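Visitor: I'd like to ask you about the structure that follows.
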Amino acid sequence: MDEKYLIKVPGSSAQIGQRLILTETVCRNALDDAKALCQILVDVLR
């Protein structure tokens, strides 16, 4: 984590210099969430 991010997200429990640990499951869930959000936006904007 860098200071710039932590300033924008003051409620984060992360600390400067902390590394993110990503798993395949976390990445796949993030992609599924992004896909769902895009689908909702397409539906709303039709």
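Visitor: Inspect all residues belonging to the range 22-33 and state whether any of them is surrounded by 10 or more Cβ atoms within 10 Å (Cβ to Cβ), over 16 Å from the mean Cα position of the chain (by Cα) and in a helix (DSSP H, G or I).
Guide: Looking through the range 22-33, none of the residues is surrounded by 10 or more Cβ atoms within 10 Å (Cβ to Cβ), over 16 Å from the mean Cα position of the chain (by Cα) and in a helix (DSSP H, G or I).
Visitor: Looking at the structure I just gave you, is A14 on the phi < 0 side of the Ramachandran plot, surrounded by 10 or more Cβ atoms within 10 Å (Cβ to Cβ) and under 12 Å from the mean Cα position of the chain (by Cα)?
Guide: In short, no.
Here, each number is a calculation from the coordinates, and none is a lab measurement. Everything quoted here is computed from the prediction, not taken from an experiment. Positions of Cβ are backbone-derived with ideal geometry, glycine not excepted, and every protein chain shown enters the neighbour counts.
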